[in-house]
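Below is one structure, written out as structure tokens; comments come after it.
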Amino acid sequence: MTAPKTPEVPEAPDNPQSLREPGGQPLVELDDVAKYYGNIKALEGVSLKVYAGEISCVLGDNGAGKSTLIKIISGLHRHDAGRFLVDGEETALANPREALDRGIATVYQDLAVVPLMPVWRNFFLGSEPTTGAGPFKRLDVRLMRETTRSALLRMGIDLRDVDQPIGTLSGGERQCVAIARAVHFGAKVLVLDEPTAALGVKQSGVVLKYVAAARDAGLGVVLITHNPHHAYLVGDRFVLLKRGAMAGSHTKESIGLDELTRQMAGGSDLEELSHELRRASGPGPAGTP
């Protein structure tokens, strides 16, 4: 897979930057949202705003509530408290299909692809165009091949062959195909679940480049990650979760990478642990500090 230095992306909506100005309307907004499973608090008091042409990063360790947040935004689960707004309208999505109809596309870490099917078939999976009528109705394979190839090229993704099984692509290439698919099918909000978690440095860089390309195409992107370095490379806003609660909310202008990493790693809790470990180790042997 080869990619040009500056990916060519679909034409962005008229002046998406205007939606990023103070007072602009977020595409998606969570206001003090909570989710409970019986007496277990999965999320509580979480707020998030997603603007067109911006990347909002949600950071947290395992068990922080990132997966629950994804399920609420994607329509898989309903929130139990707070407000969930799409285009300024308060809503509670009934299912993932309704989320897609409202322009919210979610790309999960496992990608939900069929490895033995070609790239073009996975690109249109569940939305296959047909040609003919009645007993002569069939899949429009030619259209799907051509559309897949052109949609990938618009994102700057030049695959060797769209007929090859998608399982033969690298993890980074599959993530890029999933991003291009969401852009092609008209998503306004793209939710990415740990897209670089299982990738090496080079492939992670390729995926982050296309995440930025989706932002530049005018989409609002929610990047779920536990890697502050990846988040800071492309992110505009950062929400930190800890044990299902908000641990911080920052814009890129208000926080540096070192401080974001410190807060992500535990902040004051980590410093307290360091002091406890030093006290537990006690003084060294005679003659040593």
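Here the Karplus curve 6.51 cos²θ - 1.76 cosθ + 1.60, taken at θ = phi - 60°, turns the phi angles of segment 132-141 into couplings of x, 9, x, x, 9, 6, 8, 5, 8, 5 Hz, with x standing for Gly and Pro.
Could you work out the Rg to Rh ratio of segment 178-235, with Rh taken as the Kirkwood radius (inverse of the mean 1/r over all Cα pairs)? It would help to have the intermediate numbers written out before the result.
Working: Rg = 10.8 Å, Rh = 11.5 Å.
For segment 178-235, the value is 0.94.
Can you tell me what share of the DSSP beta bridges in the chain is antiparallel? A percent to the nearest 5 is fine. Just about 55 percent of them are antiparallel. Over the Cα atoms of segment 76-160, the radius of gyration divided by the Kirkwood radius equals 1.08; this is the Rg/Rh ratio.
If you take the square roots of the eigenvalues of the alpha-carbon gyration tensor of segment 108-218 and sort them as a ≥ b ≥ c, do you get rounded (a/c under 1.5), prolate (a/b over b/c) or oblate? Because a/c hits 1.5 or more and a/b exceeds b/c, segment 108-218 counts as prolate. Entry comment: accessible area of segment 144-219 is 36 Å² per residue, from protein heavy atoms only and a probe of 1.4 Å. All C-alpha pair distances within the chain, sorted into 5 Å bins from zero, spread as 1, 5, 11, 15, 17, 15, 12, 9, 6, 4, 2, 2, 1, 1, 0, 0, 0, 0, 0 percent across the bins. Between the listed residues A187, G63, L139, the Cα displaced farthest toward the positive end of the dipole of the chain, a dipole computed from Cβ unit charges relative to the Cα centre, is found at L139.
Counting only lysines at least 8 places from K242 when in the same chain, those with an alpha carbon closer than 27 Å to its own are K35, K41, K49, K66, K71, K252. Packing order of peptides 189-196, 76-83, 231-238, highest average first: 189-196, 231-238, 76-83 (average count of other Cβ atoms within 10 Å over each peptide's residues). If the segment from A197 to D258 were pulled out straight at 0.36 nm per residue, it would be longer than the present Cα-Cα gap by 19.9 nm. Quantify, in whole percent, the carbon and sulfur part of the accessible surface of the chain (1.4 Å probe; protein heavy atoms only). Ligands and nucleic acids excluded, carbon and sulfur give 52 percent.
Extension gain, R78 to K137: 0.36 nm times the residue separation minus the Cα-Cα distance gives 17.4 nm.
The values are calculated or read from the model by the stated rules, or taken from the named source; none is laboratory data. Quantities reported herein were computed from a predicted structural model and do not represent experimental measurements. Neighbour counts run over all protein chains shown; Cβ positions are idealised from the backbone, glycine included. For accessibility, only protein heavy atoms count, side chains too; no ligands or nucleic acids. Shrake-Rupley method; radii C 1.70, N 1.55, O 1.52, S 1.80 Å.
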